[in-house]
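As structure tokens, the structure follows; a few thoughts come after it.
The values are calculated or read from the model by the stated rules, or taken from the named source; none is laboratory data. On a predicted model such as this, the values are computed, not experimentally measured, just so you know. Heads up, the Cβs are rebuilt from the backbone with ideal geometry, glycines too, and the neighbour counts pull from every protein chain shown.
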Amino acid sequence: MARPRSTTPRDSTANRKQKPDAAPPRAGRCVIAGRPNVGKSTLLNALLGTKLAIVAPRPGTTRTVLLGVFDAPVEGARTQIAFLDTPGLEAPKSMLGRVLVEEAQGALEQGDVLLLLVDAGDVVKRRALAPEDQRVLELMKPLGKPIVLALNKVDKVKDKGQLLPTLEVLAKAHPWATIVPCSALRGSNLAPIVKEIREHLPEGLLYEEDDVLTDRPERFFVAELVREALLAHVRQEVPHGVAVQVDEWVDEGKLLRIGVTIIVTKDSHKAIVIGARGEMLKTIGQEARENIEAMLERKVFLRTFVKVVPGWTEDPEKVRRLTREGSLS
Ligand SMILES: Nc1nc2c(ncn2[C@@H]2O[C@H](COP(=O)(O)OP(=O)(O)OP(=O)(O)O)[C@@H](O)[C@H]2O)c(=O)[nH]1
């Protein structure tokens, strides 16, 4: 998918043509990894200046490795960074969890640089990495790649005086490329991250074109926007077993007709997603449609079905189909 020009602030300001005296272009891959809910997808979106990944205030939102291409000058020199946003790394509780961990671990090997994202408030409180963060670091270490440690959600740290001593302790834990406190939500202090990543990338370009944003088709993002709307409204344990499949895509010129099936694991979950008199499904569909229309910049008719597929989160074949191909068929 190409970069949506109207929604990318960087597009309006960045001049991708280098100045004659600028350093040569550099390009490579950076994998964003960390335990669930630390803000990896929010950081990807902030770095790209556009919303690519869905975000939710609950662990386990990201279901697949997502490519997002940063292509802009860093200190005047063109820099292409293929960021890979990964599912949160944690001890898996289901087959779905195992596949997500496999995906994230596999992605680590693809990075020229690894970015370990942790929760600033949590490490400040402990004056150390949490055991869950440490486990991610242990997966990264044997790969021998430069690791940037980013302490996210620094906006939530009340006692900012505790930050410096924490950074000093963390600096001794590993020979990091750098340690950066930042806020992905506010977009603050992200420039030092990009600058450091650039230092470790080889000269050259990954993509000749200057508007590559991702390698996923529009249908993938449509399914994700439906899942995001659902995550925003449905509580309890339902979201863990939800997948969205796009099964109708008819371009009628003025209107794009899309049909999606929301897959859940139990009848009781189906009832929650539909809600009393269908109110919940209506809310989800309406919110998803508005976001899809904004993304595609066209009028959309969205039809939503809900289907029970018992035990799909424990069936390796179904998990792979739904998380990687986005469809059971
Ligand atoms: N206060 C604050 N909240 C943030 C920040 N970055 C992310 N969040 C919030 O943290 C929650 C989780 O964000 P995500 O980006 O979905 O986290 P993730 O690490 O991709 O989550 P998983 O997909 O579960 O691994 C959301 O509610 C975000 O709004 C930040 O810098 N400050």
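The set of residues from the range 135-144 being out of contact with any helix residue (DSSP H, G or I) (no Cβ under 8 Å at 6 or more places or on another chain) and surrounded by 14 or more Cβ atoms within 10 Å (Cβ to Cβ) comprises 135, 136, 137.
Scanning the range 179-214 for residues that are at positive phi and touching a Pro at 6+ places or on another chain (Cβ under 8 Å) yields 189, 204.
Somewhere in the range 157-177, is a residue among the β-branched types (Val, Ile, Thr) and within 22 Å of the chain's Cα centre (by Cα)? There is no residue in the range 157-177 that is among the β-branched types (Val, Ile, Thr) and within 22 Å of the chain's Cα centre (by Cα).
Annotation for the range 113-126: at least one member residue is among the acidic types (Asp, Glu) and surrounded by 14 or more Cβ atoms within 10 Å (Cβ to Cβ). Could you tell me how many of the residues in the range 54-64 are within 7 Å of the ligand (Cβ to nearest atom) and within 20 Å of residue 190 (Cβ to Cβ)? Residues meeting the conditions: 2. Against the criterion of being within 16 Å of the ligand (Cβ to nearest atom), surrounded by fewer than 16 Cβ atoms within 10 Å (Cβ to Cβ) and modelled with pLDDT of 95 or more, residue 155 qualifies. The criterion of being more than 11 Å from the ligand (Cβ to nearest atom) and closer than 30 Å to residue 204 by Cβ holds for residue 114. Looking at residue 97, is it modelled with pLDDT of 95 or more and not aliphatic (A, V, I, L, M)? So residue 97 does not fit the description; no.
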